[in-house]
Amino acid sequence: MVSLLCCGPKMAACGIVLSAWGVIMLVLLGIFFNVHSAVLIEDVPTTEADFQGKGPEEIYQLYNQVSYNCFIAAGLYVLLGGFSFCQVRLNKRKEYMVR
């Protein structure tokens, strides 16, 4: 029988903690980029030409792009958390099995 268990209980618990923190942080960053927070302007990939354009619409488009990237990364952290949770469950099941 093939086992889907590929990491130990401590590594799986660490994966759950890291993914929870990653989801919280990236969702908050995505929200703040979505509302065009001025504090985060240094994290937006801008050039000199972006400030010479028609107006703030080009900068807002870059803010939205970074916001979507944060939400996508948060979704990947959710998948990692789900995988880690399955590993924790498989490790607990392994403890009760007779060898």
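The values are calculated or read from the model by the stated rules, or taken from the named source; none is laboratory data. Since this is a predicted model, take the numbers as computed values, not measurements. Here the Cβ positions follow ideal geometry from the backbone for every residue, glycine too, while neighbour counts run over all protein chains shown. Areas reflect the complete protein model, heavy atoms only, side chains present, ligands, DNA and RNA absent. Shrake-Rupley method; radii C 1.70, N 1.55, O 1.52, S 1.80 Å.
Some notes on this structure:
- Modelled label reach - GLN65, point 7 Å along Cα→Cβ, the stretch 36-52 residues with backbone N closer than 18 Å: 36-37, 40-52
- With coordinates expressed along the principal axes, the C-alpha atoms belonging to the chain extend over 71, 23, 16 Å, beginning with the largest.
- Nearest-0.05 FRET efficiency for ILE72 and LEU4, computed from C-beta distance (R0 22 Å): 0.25
- Surface composition of the stretch 37-99: carbon plus sulfur atoms hold 60% of the accessible area, using a 1.4 angstrom probe and ignoring ligands, DNA and RNA.
- Taken per residue, the accessible surface of the chain reaches 77 Å², heavy atoms only and a 1.4 Å probe.
- Seen against the Cα atoms of the chain and their longest principal axis, helix 57-96 is set at about 10 degrees.
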